Amino acid sequence: MTFQALELSPALLKALEKEQYTTPTPIQAQAIPPALAGRDLLGIAQTGTGKTAAFALPVLQNLAQRSQPVSRRSRRVIRALILTPTRELALQIHTSFQSYGLFTPLRAHVIYGGVSQKPQEMALRNGVDILVATPGRLKDLMNQGLVDLSHIEILTLDEADRMLDMGFIHDVRHIIGCTPRKRQTLFFSATMPPDIVTLSRDLLQDPVRIAITPDKPTVEKIVQSLYHVDKASKRDLLRYLLQDPHIDSALVFTRTKHGADRVARELNRHNIQALAIHGNKSQQARQKALQQFKDRTVRVLVATDIAARGLDIEELSHVVNFDLPEVPETYIHRIGRTGRAGLAGEAFSFCDADELKLLKDIERLCGRSIKKIDHPYPFTPHVYENKENKELLPRRSGSRPVQRNRTKRSDHPAHRDRNRIQPLA
Ligand code: AMP
């Protein structure tokens, strides 16, 4: 399959040649023909599958080929809107529109929060054909009367599940309510929880459904290892693993923003250059951290899922799941950040006593168990034998061990094991 076979215009083919894309990815091959024909799409796929081009190319071609509804003398109106959850994604999508649309007369612009709105206002006043936006800032600008969505011909929702996770549902519905009913809608989501199914049903008319199985070929190339470890020893284990000089760049995932800060601080204290990236950081700080990580001035980037989703970092060698994700599909998204473009990658996953259920869900989704690795900070199974019925009772984190027949603490196997551990120098 070639891009020519997808009946893309010469202007787009020239841009793709410049990008050195030779073969459409599966989502591109499946999405581009119906989208060019004006159909609504429901794409179940995540970043890394080539989904940006899957919607950007038809948007560009459809807009360029259709005559403009306003006279040529009047200024440009926004004819395509792409809603995406994070600033990073918005910037990446905008860059893609600029690259793919290089030889078209269409103008794309991006708006997102956390920065001054003045330059965005100016660009909007100058006229834009394609607007890429995060919902919060877009709604602000709409409320100020600076954005008119009444000429939208194509609406794209990117990472719809993430937008809902981030609490954007009301903004998203409000924004969509301001677009014409008669429009083409391209809807992309990595997962399809019930609220996303409802939203897609409300927005799409007789859509073509395309599901790209979560990066399976890529994920299978990634060497995945599992480290059972106590919550309190995770940071030591991370430092221990990072002693390996082969790990030249590692993206470390934590569940919380504070967790990300704590891990980065701890690594820096031990002379391992690390930066944290999450929603509490300013846009500038996040861009700077990402740039330093890409330049390899910083070896470790510690991130929350929301901050990391959509980061396009080439040649990332290692992903570390410092905390296991709550949603098993997120595991696939995370480890899919490595092993890109045919490169091999490695993913380390830490699992403490409270995460065993999450691990089970992940292994069920992947259809196999992750290889367990021995290490100097072994998991001390927080199980206490009930002498009466030999029942094993797991301990909840932050609470006292569940035990009916108390053993003296120093005699306890968990305690003895802990004393045996040799901390890092
Ligand atoms: P995306 O899923 O849209 O974020 O794309 C992931 C990466 O794949 C980006 O770096 C794109 O530039 C790249 N890409 C997208 N489509 C192709 C293609 N057909 N051939 C080669 N690389 C591509």
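The values are calculated or read from the model by the stated rules, or taken from the named source; none is laboratory data. Keep in mind that this is a model prediction, so the values were computed, not measured. Neighbour counts are summed over all protein chains in view; Cβ atoms, including those assigned to glycine, are modelled from backbone coordinates with ideal geometry. Heads up: the accessible areas ignore ligands, DNA and RNA and are worked out on the full protein's heavy atoms, side chains in. Shrake-Rupley method; radii C 1.70, N 1.55, O 1.52, S 1.80 Å.
Which residue pairs have Cβ atoms under 8 Å apart, sit 6 or more places apart or on different chains, and have a first residue in the stretch 19-43 that is closer than 17 Å to Tyr100 by Cβ and a second that is near the ligand (Cβ under 7 Å from one of its atoms) and in a loop (DSSP other than H, G, I, E, B)?
Pro24/Gly50; Thr25/Thr49; Thr25/Gly50; Ile27/Thr49; Ile27/Gly50; Gln28/Gly50; Ile32/Pro24
I'd like the full set of residues that are open to solvent by less than 20 Å² (accessible area, probe 1.4 Å), of a type in the set (S, T, N, Q) and over 19 Å from Arg334 (Cα atoms), limited to the stretch 253-301.
Scanning the stretch 253-301 gives a single hit, Gln283.
Looking at (1) modelled with pLDDT of 95 or more; (2) not in a helix (DSSP H, G or I), can you tell me which one Glu266 breaks?
So Glu266 meets the others, but not (2).
Looking for something more than 28 Å from Gln46 (Cβ to Cβ), among the polar types (S, T, N, Q) and open to solvent by 30 Å² or more (accessible area, probe 1.4 Å) - is there at least one such residue anywhere in the stretch 92-99?
No, the stretch 92-99 contains no residue that is more than 28 Å from Gln46 (Cβ to Cβ), among the polar types (S, T, N, Q) and open to solvent by 30 Å² or more (accessible area, probe 1.4 Å).
Does any residue of the stretch 230-244 turn out to be among the hydrophobic types (A, V, I, L, M, F, W, C) and closer than 17 Å to Asp305 by Cβ?
no
State all residues of the stretch 163-194 that are open to solvent by 10 Å² or more (accessible area, probe 1.4 Å), touching a strand residue (DSSP E or B) at 6+ places or on another chain (Cβ under 8 Å) and modelled with pLDDT under 95; if no residue qualifies, say none.
Ala190, Thr191, Met192
In the set Gln46, Gln30, which member is buried (at least 22 other Cβ atoms within 10 Å of the Cβ), within 13 Å of the ligand (Cβ to nearest atom) and polar (S, T, N, Q)?
Gln46
Across the stretch 41-65, what is the total count of residues that are closer than 17 Å to Thr330 by Cβ and modelled with pLDDT of 95 or more?
Within the stretch 41-65, residues that are closer than 17 Å to Thr330 by Cβ and modelled with pLDDT of 95 or more number 0.
Right, Lys281: assigned to a helix (DSSP H, G or I) and at pLDDT below 90 or not?
Judged against the criteria, Lys281 is not a match.
Looking at Ala53, Ala64, which one is free of Cβ contacts under 8 Å to residues at least 60 places away in the same chain, of a type in the set (Gly, Ala, Ser), open to solvent by 10 Å² or more (accessible area, probe 1.4 Å) and out of contact with any strand residue (DSSP E or B) (no Cβ under 8 Å at 6 or more places or on another chain)?
Ala64
Which ones in the stretch 1-27 are part of a loop (DSSP other than H, G, I, E, B) and either more than 12 Å from the ligand (Cβ to nearest atom) or of a type in the set (Asp, Glu) (or both)?
If the condition is that a residue be part of a loop (DSSP other than H, G, I, E, B) and either more than 12 Å from the ligand (Cβ to nearest atom) or of a type in the set (Asp, Glu) (or both), then Glu7, Ser9, Glu19 are the ones that fit.
Can we say Val132 is modelled with pLDDT of 95 or more, in the same structural domain as Gln61 (by TED's automatic domain parsing) and in a loop (DSSP other than H, G, I, E, B)?
no
Checking Ala90 against (1) within 12 Å of the ligand (Cβ to nearest atom); (2) touching a Ser or Thr at 6+ places or on another chain (Cβ under 8 Å), only one condition comes out false. Which one?
So the condition that Ala90 fails would be (1).
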